[in-house]
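The values are calculated or read from the model by the stated rules, or taken from the named source; none is laboratory data. What you see is a predicted model; the values in this text were computed from it and never measured. Positions of Cβ are generated from backbone atoms using ideal geometry, with glycine treated the same way; all protein chains shown enter the neighbour counts. The protein model used for the area step is the full one, side chains on, heavy atoms only, and it has no ligands, DNA or RNA in it. Shrake-Rupley method; radii C 1.70, N 1.55, O 1.52, S 1.80 Å.
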Amino acid sequence: MKKVYISFGVMVVCIIAAVFLNKAAKNTELDYQEVKARVVSSESRQKSIRVNGRITRQTVYDVVVSYGGKEYDLKNAHNTYMYRKGSDVTVYLSKGKMYADLDGVRNSTPAGIAYFVALIGAFATFIIGICWWSKEGTKKKGSGPLQKI
């Protein structure tokens with residue numbers, strides 16, 4: 001039972017950390033430059049992912065933009081209809097990468113990355129705690145053949 005308490009304690013710490021890191025990520029001063037770039041190519045494709053024996057499909061958007069004589073893969077593009085080939089779009093250049101919106105720039109900061117790590121840690125420790133808790137419950141029931149009535 002000690003493992004269960006430790007797991008749930010770590011989960012609570014991760015949730016608290018995620019709340020504070022989210023606030024820190026939103027208040028982080030972003031280092032970016034808003035630029036106009038020309039869309040070189042824009043396509044969507046279906047990516048198959050196997051999860052628990054099931055195959056699910058995810059749409060991936062591959063958008064390439066050109067700015068200053070260089071071509072960049074556009075990060076966090078949510079669709080392709082906003083990025084028609086040959087059109088000029090407003091994008092954000094930060095640390096040598098192009099982002100479709102400011103959320104992409106914000107999520108690439110150390111505070112943004114730490115926030116997602118804390119969220120994943122909270123979820124993982126919750127799952128581990130539930131698994132250990134269910135094992136503790138089956139140990140205490142005493143389901144052997146020589147039970148007292």
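Report, to the nearest 10°, how far helix 110-140 tilts away from the longest principal axis of the Cα atoms in the chain, using its own Cα long axis and a range of 0 to 90°. Between helix and principal axis, roughly 20 degrees.
Figure the gain on full extension for LYS85 and ILE113 (residue separation times 0.36 nm, minus the Cα-Cα span) and round it to one decimal in nm. Before the final figure, lay out the partial values.
On the way: separation 28, 0.36 × 28 = 10.08 nm, distance 3.14 nm.
6.9 nm is the gain from fully extending LYS85 to ILE113.
Magnitude of the charge dipole for the range 9-101, about its Cα centre and with charges confined to Cβ atoms of Lys, Arg (+1) and Asp, Glu (-1), is about 400 debye. Of the labelled figures [x] 65, 28, 24; [y] 116, 19, 16; [z] 81, 37, 19, only one reflects Cα extents along the principal axes in Å as derived from the coordinates, namely [z]. When a 1.4 Å probe is rolled over the protein heavy atoms, the share of accessible surface on the chain that falls to carbon and sulfur comes to 58 percent. Per residue, the convex hull spanned by the Cα atoms of the range 91-137 amounts to 69 cubic angstrom. Against the main long axis of the alpha-carbon atoms of the chain, helix 2-27 sits at an angle near 20°.
Using a simple spin-label model with pseudo-atoms 7 Å out from Cα toward Cβ, ARG45 and LYS95 lie 2.6 nm apart. Looking only at LYS85, LYS75, LYS47, which one moves most when the chain is put into a Gaussian network model with springs between Cα atoms under 10 Å? Maximum among the listed residues: LYS47.
As a calculated quantity, the FRET efficiency between THR138 and VAL12 at R0 = 30 Å, using C-beta atoms, amounts to about 0.75. Here the calculated FRET efficiency for THR59 and ALA124, from their Cβ-Cβ distance with R0 = 22 Å, stands at 0.25, rounded to the nearest 0.05. Each residue of the range 52-61 was assigned a 3J(HN,Hα) from its phi angle through the Karplus expression (A = 6.51, B = -1.76, C = 1.60, θ = phi - 60°), giving 6, x, 9, 9, 10, 10, 10, 8, 10, 9 Hz with x at Gly and Pro. Solvent-accessible surface of the range 32-89, averaged per residue with a 1.4 angstrom probe and all protein chains in place: 75 square angstrom.
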